[in-house]
Amino acid sequence: MKMSPLYAVLDLGSNSFHMLITRLVANSVQTVDKVKRKVRLASGLNQENKLSKNAMLRGLECLHFFAERLQDIPPDNIRIVATATLRLATNSQEFIDKAEKVLGHRIIILSGTQEAESIYLGVAHTSASEDKRLVLDIGGASTELIVGNAFDAIKVCSINMGCVTFNQQYFVGGELSKNNMNQAKDAAKVLLAPFVDDYKLIGWQSVLSSSGTIQALAEILRSNHQPAIISLPFLYSLERALINSKNIDNIAITGLSHDRQPVFSSGLAILIAVFEMLDITDLQLSSGALREGLLYEMLPSMRKINIRQRTVNSIAERFHVDKEHASRVSKQAQLMFDSFAQHLPLQKDNSFKLLLASCALHEIGLLLEFKNHQEHGAYIIKNADLPGFDQVDKQLLAIFIQLQKSNIDLIKLKEQTATNYDNSCYLLIIFRLAIIFCQRRNDNELPAIMTDISNRNITLRLPQIWLKTHPLMIDDLTQESVYLSTIGMSLTLLDDLNLE
């Protein structure tokens, strides 16, 4: 079988140079390699915006490494772009000419608008947030703000402020103090001010970003066992920790990697200013940005399928899931959800969509072995690249798949943050019951079911003849009542002569 062709995107950023190499597998993107080098190109700009020879040499040395990987990739499948620093540099063409000789490919210097639009597309192709979203990206020398709907950017701007340039201007010698943090925040607010009213007038439903500063913040939250939802109080707490450190070399924040420390303070100052000026309450980490935007627009028909559905379909194909059975379980879960919703305050929100995704993927662990397939499936979900599902989503998906039968781990349900604890319990019950009722893997054997829920007891009314002809399944449902007692629920079975 011939391997699908590779695709490569190179992003010559102000702080780092990135190379992303991918291929299409089961109509979804599979990352083959990622290479990142800290070049800090922006630090080579002087007051006249002339790029130093040393900065150019650092960049060209990195591109020599990248060039080796591009040799076997079709030229039409390669995109190479440069961003803010080479946009600003008065001698950028000198660097571009040398870089193109090294790489053997054309380099495009993106305008601020083009960069912002590509960043937005990267988020749109990889995130399943509400359609109307605010996307921000804090780079080394510029910050992009984009409001868009679905795949269309409505309002874009690129502002000449970034974590590298601000670090040079306001954190000289690595000094951290209340005064220089305030200076950086105030400078950012001055640059943001002309755009604030227009952005607030348009509005948005969610805020996303995948820039280095945001990734660093998400890593800090995860290392402290908190969901990767960034809030202003959290940013203020980190600002206090930085000021107390007094110098960049003394920063000791759990989860903050050493390579992110040099420009973390300046990135944080810019982000706090954006939060305060635009009245942002919380921000989520997105899966993609500039590189993904450029990549997905190279690929065929990527706008036609919902990002989550594309991911689920791809994972199901790669792990040889019985799609007919997965669909059967999903339909049964939807029927039970509708029945439960007559008695409980259930909503068809994000957690409901995660329930259906769990139904579609609950058997992915079977490819490895049956004995521990729940654990295998949960492990795959936790560690797989799942565009459209953020870390919080993946956590609940993994928990549902791990707890699809047998004992129920209360701690896991309480640790997840995708939905409230009671809702997670009810969705898990629906999921487990749907799997039990579909055990025969035959649509003709699915019973009509009526439910009553009162005082933490679930009563299932089933056709009398079905009860008589399914003793093994009845035994499983009886045992299920024992498992449900762990979460303070019970299950009662009643025969109903009126059901066929």
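The values are calculated or read from the model by the stated rules, or taken from the named source; none is laboratory data. Predicted model only: the values in this text are computed from it and were never measured. Methodologically, a virtual Cβ is constructed for each residue, glycine included, from the backbone with ideal geometry; neighbour enumeration extends over all protein chains shown.
For the reader, a short list of remarks on this structure follows.
- Whichever residue in region 308-344 is part of a loop (DSSP other than H, G, I, E, B) and either more than 28 Å from the chain's Cα centre (by Cα) or not assigned by TED's automatic domain parsing to the domain that holds residue 362 (or both) and, among such residues, is surrounded by the fewest Cβ atoms within 10 Å (Cβ to Cβ): 342
- Of all residues in region 355-377 being of a type in the set (A, V, I, L, M, F, W, C) and either crowded, with 24+ Cβ neighbours inside 10 Å or at pLDDT 95 or above (or both), the one that is nearest to residue 416 (Cα to Cα): 355
- Qualifying residue in region 136-143 (condition: in the same structural domain as residue 270 (by TED's automatic domain parsing), buried (at least 24 other Cβ atoms within 10 Å of the Cβ) and within 25 Å of residue 418 (Cα to Cα)): yes
- Condition met for residue 183 (surrounded by fewer than 22 Cβ atoms within 10 Å (Cβ to Cβ), polar (S, T, N, Q), at pLDDT 95 or above and more than 15 Å from residue 277 (Cβ to Cβ)): yes
- Cross-chain or 6+ apart pairs with Cβ under 8 Å, region 87-114 first and in contact (Cβ under 8 Å) with a residue 24 or more places away in the chain and assigned to a loop (DSSP other than H, G, I, E, B), then basic (Lys, Arg) and buried (at least 19 other Cβ atoms within 10 Å of the Cβ): 110/87; 111/87
- Every listed requirement among (1) in a loop (DSSP other than H, G, I, E, B); (2) in contact with a helix residue (DSSP H, G or I) (Cβ under 9 Å, 6 or more places away or on another chain); (3) of a type in the set (Lys, Arg) is met by residue 371 save one, (2).
- Hits in region 139-188 (condition: among the aliphatic types (A, V, I, L, M) and part of a helix (DSSP H, G or I)): 164, 172, 181, 184, 187, 188
- Qualifying residue in region 412-423 (condition: touching a Ser or Thr at 6+ places or on another chain (Cβ under 7 Å), part of a helix (DSSP H, G or I) and polar (S, T, N, Q)): yes
- Residues of region 71-86 classified as in contact with a helix residue (DSSP H, G or I) (Cβ under 8 Å, 6 or more places away or on another chain), assigned to a helix (DSSP H, G or I) and more than 23 Å from residue 154 (Cα to Cα), total: 3
- Residue count for region 331-367 under the criterion of being small (Gly, Ala, Ser) and farther than 26 Å from residue 454 by Cβ: the result is 4.
- Annotation note: of 354, 271, the sole residue that is in contact with a strand residue (DSSP E or B) (Cβ under 7 Å, 6 or more places away or on another chain), within 30 Å of residue 233 (Cβ to Cβ) and not in a strand (DSSP E or B) is 271.
- Residues that are surrounded by fewer than 22 Cβ atoms within 10 Å (Cβ to Cβ) number at least 3 in the following strands (runs of 3 or more DSSP E) confined to region 1-61: 16-25, 28-38.
- Checking each residue in region 217-246 for being within 22 Å of residue 175 (Cβ to Cβ), among the charged types (D, E, K, R) and in a helix (DSSP H, G or I) picks out 239, 240.
- Qualifying residue in region 285-299 (condition: in a helix (DSSP H, G or I), outside the structural domain of residue 236 (by TED's automatic domain parsing), of a type in the set (A, V, I, L, M, F, W, C) and more than 18 Å from the chain's Cα centre (by Cα)): yes
- Any chance residue 123 is outside the structural domain of residue 393 (by TED's automatic domain parsing), touching a Leu at 6+ places or on another chain (Cβ under 6 Å) and either without any contact (Cβ under 8 Å) to a residue 24 or more places away in the chain or not in a loop (DSSP other than H, G, I, E, B) (or both): yes
- Pairs are defined by a Cβ separation below 9 Å, a sequence spacing of at least 6 or placement on different chains, a first member in region 64-77 that is more than 13 Å from residue 20 (Cα to Cα), and a second member that is of a type outside the set (Gly, Ala, Ser) and in a loop (DSSP other than H, G, I, E, B); the pairs so defined are 74/5; 75/105.
- Checked against the criterion of being in the same structural domain as residue 347 (by TED's automatic domain parsing), assigned to a loop (DSSP other than H, G, I, E, B), touching a His at 6+ places or on another chain (Cβ under 7 Å) and within 21 Å of residue 382 (Cβ to Cβ), region 399-407 has at least one qualifying residue.
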